[in-house]
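This report concerns only the one structure given below.
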Amino acid sequence: MMYLLETREVLADFFEAGGPVLWFILVVAILLWTLIIERYWFVYFVHPARATLLKQQWHDRTDRQSWYAERIRECYISTARGNLHRSLPIINTLIGLCPLLGLFGTVTGMIHVFDVMAVAGTANARAMASGVSYATIPTMAGMVVALSALYFRMHLHNKVKHETRKLTDILDV
């Protein structure tokens, strides 16, 4: 229990030192990781069942050679591709947004530093240090969130391409 209290205090100090932009980065990070986890769940658990159902529906058809059958096959593949790609553009946008929010934190932190310098002069290093932490911590947080999500985004992108190709092969003519 004491460990949880210490962790809470450390996080509170971190968010206080990073400024209000850090809260926006936290919200974006939670949304980003929720979408990534949801996509992994869909690709590894939901999609295989749907692909099996599509394969069964396709192989139960008596006509698989006509122009109409080919359009139905394309519809199956297109629907599956759309379902597989569903949240990927949002994930890409959120990954791109994280460093921008970090940069926004840098700008607001530097404004804070310049404000302290204007009021207290350049001799007050302690007052300027809080503005520097306002500037550097959000930048670091935005980059950490974006860089950690990049690997999973690429893995998901490659897995989606593979699953689409696999479904195209399964639904042979």
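For this structure, a couple of remarks:
- Where labels lie 7 Å past Cα in the beta-carbon direction, separation of residue 168 and residue 33 in nm: 3.5
- Whole-Hz Karplus values for region 48-59 come out as x, 5, 5, 5, 5, 5, 4, 4, 5, 4, 5, 6 Hz, taken residue by residue from phi with 6.51 cos²θ - 1.76 cosθ + 1.60 and θ = phi - 60°; glycine and proline positions read x.
- In region 19-170, a dipole from Cβ-located charges (positive for Lys and Arg, negative for Asp and Glu) runs towards its positive end, and of 133, 66, 146 it is 66 whose Cα lies farthest in that direction.
- If you sort the three axes of the alpha carbon gyration tensor as a ≥ b ≥ c, you get a/c of 1.5 or more for region 21-125 and a/b above b/c, which makes it prolate.
- Taking region 19-170 and dividing mean pair separation by its residue count, relative contact order in percent (alpha carbons under 8 Å, at least six apart): 36
- The fewest-to-most ranking of 2, 154, 117 by surrounding Cβ atoms within 10 Å reads 2, 154, 117.
- Each of 43, 10 has some number of other Cβ atoms within 10 Å of its Cβ, and from fewest to most they run 10, 43.
- Straight Cα distances below 12 angstrom link residue 159 to none of the aspartates and glutamates, with same-chain residues fewer than 8 positions distant left out.
- Ordering 41, 58 by the number of other Cβ atoms within 10 Å of each residue's own Cβ, fewest first, gives 41, 58.
- Relative contact order of region 16-109, defined on C-alpha pairs under 8 angstrom at six or more residues apart (%): 61
Laboratory data are not the source of any read-out in this text; all were calculated from the coordinates shown. Everything quoted here is computed from the prediction, not taken from an experiment. Here the Cβ is made from the backbone with ideal geometry for all residues, glycine too, and neighbour counts use every protein chain on show.
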